[in-house]
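The values are calculated or read from the model by the stated rules, or taken from the named source; none is laboratory data. Just so it is clear, the model here is predicted, and its values are computed rather than measured. A quick note on method: Cβ atoms are made from the backbone with ideal geometry, for glycine too, and the neighbour counts reach across all protein chains shown. Areas reflect the complete protein model, heavy atoms only, side chains present, ligands, DNA and RNA absent. Shrake-Rupley method; radii C 1.70, N 1.55, O 1.52, S 1.80 Å.
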Amino acid sequence: MKKLQFLVIGKNQEILDTLKRIIENNEGWKAEIQNDESVCYDYIKENQVDIVLLSSGLDQEFENNIKMFCENLDKEVKVIDHYGGGSGLLKNEVYALFPNLQP
């Protein structure tokens, strides 16, 4: 199974912790969580990140900027707008980006 590295960004720590747990319940999936937008750009540049998962509490300007930043990188980083819906929805969002991972 392909390993995936997530950066989960949001403002609600309880939701971030839950998303980390849900993500890491999948074999080969790892998540870093972050509630400080200012450090996200450097983290993405300096680390292997396959998916940036945008959670609740972020302002629209940051969301637009981080999406544009990821699109302009030399490496491929996909972005998911995730505002809830449970683990099934999250898996479907990931499988939409990586169809070869579907069981």
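Quick check: is even one residue across segment 11-26 in contact with a helix residue (DSSP H, G or I) (Cβ under 6 Å, 6 or more places away or on another chain) and either among the small types (Gly, Ala, Ser) or open to solvent by 50 Å² or more (accessible area, probe 1.4 Å) (or both)? Can you show your working first?
If we filter segment 11-26 for residues that are in contact with a helix residue (DSSP H, G or I) (Cβ under 6 Å, 6 or more places away or on another chain), which is where we start, we get 22.
From what is left, the residues that are either among the small types (Gly, Ala, Ser) or open to solvent by 50 Å² or more (accessible area, probe 1.4 Å) (or both) are none.
The answer is no; no qualifying residue exists.
Residue count for segment 9-62, restricted to those that are in contact with an Asp or Glu (Cβ under 9 Å, 6 or more places away or on another chain) and in a helix (DSSP H, G or I): 4. Within segment 46-72, can you find the residues that are open to solvent by 40 Å² or more (accessible area, probe 1.4 Å) and out of contact with any Phe, Trp or Tyr (no Cβ under 9 Å at 6 or more places or on another chain)? Residues satisfying the conditions are GLU46, ASN47, GLN48, GLY57, ASP59, GLN60, GLU61, ASN64, LYS67, MET68, GLU71, ASN72.
Scanning segment 67-90 turns up at least one residue that is acidic (Asp, Glu), over 18 Å from SER38 (Cβ atoms) and in a strand (DSSP E or B).
Residues that are open to solvent by less than 20 Å² (accessible area, probe 1.4 Å) and either in contact with a Lys or Arg (Cβ under 7 Å, 6 or more places away or on another chain) or free of Cβ contacts under 8 Å to residues at least 60 places away in the same chain (or both): does segment 74-86 have at least one?
Taking every residue of segment 74-86 in turn, at least one turns out to be open to solvent by less than 20 Å² (accessible area, probe 1.4 Å) and either in contact with a Lys or Arg (Cβ under 7 Å, 6 or more places away or on another chain) or free of Cβ contacts under 8 Å to residues at least 60 places away in the same chain (or both).
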